[in-house]
Amino acid sequence: EDKTMEKRADTDHDIHDLIARRWSARVFSGASVTPAQLGSLLEAARWAASCFNEQPWRFVVALRDDADAFERLLGCLNERNRAWASQAGALAISVAATTFAHNQKPNRYAWHDVGQAAAQLALQATALGLAAHQMAGFDAAKTREVLGIPEGFEPVAAIAIGAPGALEGVPDDVRAREEAPRVRKALSEVAFAGAWGAPLPLTPR
């Protein structure tokens, strides 16, 4: 029996189950994302932290049931991503406001904050039994034109959202990527004690 994939993180330290279960699936069932589900995802993103509470994130979203809008967003993706994202229940483009509203100065933290909002969206998707796959593979210039994104805002990433699907019948290259183990750099490579390169006294579980 070919079941929906689960790829729980193999962690060295204890983390919340929701974080362990979140992963960027590429195989979707083709089922629609409901307006209620979408509302929950965007509400989770809305409550992210941001510099000066600027909330620089914007999301242009198309539900699968809105065929014209869905095709418009799908057409902004590169060919490789379109092939699998076409089965998602919704597509989104995250966008960053590039200046602070209170003083019009450049907001160098905007992309960081949009990423935090997208991360909360992805965790909420996991909580709802959905997957959210964030992508760099899209045409930012085309996205700006097609979606009418104004000056002062920059497209950041594309996101495919939907119910994970079974691997039966998917192309071999996609299946191989889905079944490949999840890997991360060791904490010793990315976190330091007080100065660059100094080891932290961490005790794995």
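The values are calculated or read from the model by the stated rules, or taken from the named source; none is laboratory data. Source: prediction; values computed, not measured. So basically every Cβ, Gly included, is an ideal-geometry build from the backbone, and we count neighbours across all protein chains shown. The accessibility values were calculated without ligands, DNA or RNA, using every heavy atom of the protein model including side chains. Shrake-Rupley method; radii C 1.70, N 1.55, O 1.52, S 1.80 Å.
Just one of the numbered conditions (1) touching a Cys at 6+ places or on another chain (Cβ under 9 Å); (2) under 27 Å from I19 (Cα atoms); (3) not small (G, A, S) is not true of V146: (2). Got a sec? Which of A49, A45, A31 is closer than 28 Å to T98 by Cβ, in contact with a strand residue (DSSP E or B) (Cβ under 8 Å, 6 or more places away or on another chain) and touching a residue at least 40 places away in the same chain (Cβ under 8 Å)? From the options A49, A45, A31, the qualifying one is A45.
Here E145 clears all of (1) in a loop (DSSP other than H, G, I, E, B); (2) over 21 Å from the mean Cα position of the chain (by Cα); (3) closer than 27 Å to A67 by Cβ; (4) not basic (K, R) except the condition numbered (1). Here G148, G137 are screened, and the one residue that is within 30 Å of V95 (Cβ to Cβ), among the small types (G, A, S), surrounded by fewer than 10 Cβ atoms within 10 Å (Cβ to Cβ) and at pLDDT 95 or above is G148. The set of residues from segment 154-185 being open to solvent by less than 50 Å² (accessible area, probe 1.4 Å) and either closer than 30 Å to T99 by Cα or without any contact (Cβ under 8 Å) to a residue 12 or more places away in the chain (or both) comprises P155, V156, A157, A158, I159, A160, I161, A180. Screening segment 1-108 for helices (runs of 4 or more DSSP H) wholly inside it with 2 or more residues that are more than 26 Å from K142 (Cα to Cα) and either open to solvent by 40 Å² or more (accessible area, probe 1.4 Å) or modelled with pLDDT of 95 or more (or both) returns the ranges 17-21, 35-46.
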